[in-house]
1. Among (1) open to solvent by 20 Å² or more (accessible area, probe 1.4 Å); (2) touching an Asp or Glu at 6+ places or on another chain (Cβ under 8 Å), where does ASN246 come up short?
2. I'm told LEU254 meets every condition in (1) of a type outside the set (S, T, N, Q); (2) closer than 20 Å to LEU327 by Cα; (3) open to solvent by 50 Å² or more (accessible area, probe 1.4 Å); (4) not in a loop (DSSP other than H, G, I, E, B) except one. Can you identify the failing condition by its number?
3. Taking the conditions exactly as written (open to solvent by less than 50 Å² (accessible area, probe 1.4 Å) and either farther than 16 Å from ILE267 by Cα or not small (Gly, Ala, Ser) (or both)), does ASP202 satisfy them or not?
4. If you take the residues of the range 257-278 that are assigned to a helix (DSSP H, G or I) and aliphatic (A, V, I, L, M), which of them is nearest to PRO239 (Cα to Cα)?
5. Can you name the residue in the range 41-76 that is open to solvent by less than 50 Å² (accessible area, probe 1.4 Å) and charged (D, E, K, R) and is also modelled with the highest pLDDT among such residues?
6. Quick one: in the range 257-274, of everything that is of a type in the set (A, V, I, L, M) and open to solvent by 60 Å² or more (accessible area, probe 1.4 Å), which residue is modelled with the lowest pLDDT?
7. Taking only the range 419-435 into account, find how many residues are more than 38 Å from the chain's Cα centre (by Cα) and in contact (Cβ under 8 Å) with a residue 12 or more places away in the chain.
8. Quick check: is even one residue across the range 275-289 over 25 Å from LEU168 (Cα atoms), at pLDDT 85 or above, aromatic (Phe, Trp, Tyr) and open to solvent by 50 Å² or more (accessible area, probe 1.4 Å)?
Amino acid sequence: MSTISQRLNFIRYSVSECWRMAALTSICDNCILAFDYSTKAVEVKFPAWPAGVPYLRVRKNSLVKRVFVSVPLWKDMCDGGFCEAINRPQYEGVVFPAANTLVLNLSKAVEQAPTHALYISLVTGLTSITQGSGMGCSLFAKLAYHNSGTLKELSIRPVTEADWLVILYNGKETPAVFDSLTSLVLKFTDPSRTSTWTAIKDVEPFPVLSTLKVNGGYPFNDDLLFRGNGAMMQHLRLPFCAIAINALGRFGVLKRGSVTRMNSIRIGVATNIDKAHLARRADKLIEYQVHCMLEVALALHLSNDATDKPVYGAVKAAPSTAILHNLELGSLPFSTARMTSIISRLPSLVSFTCKIGGLGASIESIPASDCLSTLRAKHYPLSSNFRKLCVPYTANVLADQIAEAAMLIAVLCPNFVHVDISPKLRDEFSREIAWVSCNRSFQPYAESLRRLIYMDPDY
């Protein structure tokens, strides 16, 4: 018995130790070094450590993977004050042998004094730079230029064309090549979206870029962001103004031989300026660019408010080479008739996100007694790949309206299994499905309807 008891105690200890180490690994993954320049003191914090629980005598530092250094100003970091403080005897144990990421947080705006620019020439080897809101761009632009060979991620807010030229040239004749940069985020604050920068020729500064996000404006008069990286680009996000000025179409960005498949393309909301611009141009401008997206993207998100007709028309006339799996038109209300036309036009479509807008005139014109049989005879199988309908949680729609649309699609699509809706509507939606599935006209399709009641494990 003693042997069995010892084994049980050993098992309990082993399990307890595994849980303890798992918890500590999670809690001690991130560490903050807060530097007070006035006192030359460094405070070591573990932000995930539960409040009120004393620090245990464990080697927390060896578990840290990400170190955050918080200082008020850039000069506080670069004039030697921080290094002098961290080398004091009391901080001898502040070593993180397993850390692989260093994040520097400047809590105050970077001053524009020329002397601070000297510190920027001194800092190289960075892999990630993020310019926060309220901070000047010029020094971050210089910092990006000097780290062009090592940067993997860059998030920056160019205010003027001069800022952009500093990132690329910094006053030199030879442009920088960011040959390690995989993620670029550009944020613009020009509310008019009217400024246009001079085109730059014969430069390929971002050859391995796989994620590009542009927000707030699109001042480029060239295809510089897309040169040489067609085979690498996987995630693209652009403001609608880029589509309004035909930025993808006139340079043939998505028609190049190296652009074969992208994971996702996301287009922002159209502003009043964009809508006014489109009113003076033909819908074909939108249609061509949307068709290019459908041929290379697995997921497409379009937020277009009042640009209903050109967007819907473009998707409805999708090319036969479309490979799209996921389509999001979250801001546009779609009738069931419109949804079925899009599903039929995109045979690879797996999920569709949109607002619900009634049945549509073509379905409402069919007598209720003949509706299911007529639609089934005309459209079944509408799509063998379609599986999921998503209704935005903020949409002002009733559960019975969603259920009505979902049931008709379930009758037409043999593998449609899931409706993603607000949890607040789930019970009412399920009751509606259960009640209607007992109706005589729906009984032949009852099994197809009942599977919509339950959450599909794949989602």
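The values are calculated or read from the model by the stated rules, or taken from the named source; none is laboratory data. Computed from a prediction, not measured in an experiment: that's the story for all the values here. Here the Cβ is made from the backbone with ideal geometry for all residues, glycine too, and neighbour counts use every protein chain on show. The area values use the complete protein model at the heavy-atom level, side chains included, leaving out ligands, DNA and RNA. Shrake-Rupley method; radii C 1.70, N 1.55, O 1.52, S 1.80 Å.
1. Result: ASN246 passes all but (2).
2. Going through (1) of a type outside the set (S, T, N, Q); (2) closer than 20 Å to LEU327 by Cα; (3) open to solvent by 50 Å² or more (accessible area, probe 1.4 Å); (4) not in a loop (DSSP other than H, G, I, E, B) one by one, LEU254 breaks only (3).
3. Details: open to solvent by less than 50 Å² (accessible area, probe 1.4 Å): no; either farther than 16 Å from ILE267 by Cα or not small (Gly, Ala, Ser) (or both): yes.
Against the criterion (open to solvent by less than 50 Å² (accessible area, probe 1.4 Å) and either farther than 16 Å from ILE267 by Cα or not small (Gly, Ala, Ser) (or both)), ASP202 does not qualify.
4. First, the residues of the range 257-278 that are assigned to a helix (DSSP H, G or I): 272-278.
After this cut, where a residue has to be aliphatic (A, V, I, L, M) as well, the list is 273, 276, 278.
Details: ILE273: 12, ALA276: 15, LEU278: 14 Å.
The extreme case among them is ILE273.
5. My answer is LYS60.
6. Among those that are of a type in the set (A, V, I, L, M) and open to solvent by 60 Å² or more (accessible area, probe 1.4 Å), it is ILE273.
7. Number satisfying all stated conditions: 0.
8. There is at least one residue in the range 275-289 that is over 25 Å from LEU168 (Cα atoms), at pLDDT 85 or above, aromatic (Phe, Trp, Tyr) and open to solvent by 50 Å² or more (accessible area, probe 1.4 Å).
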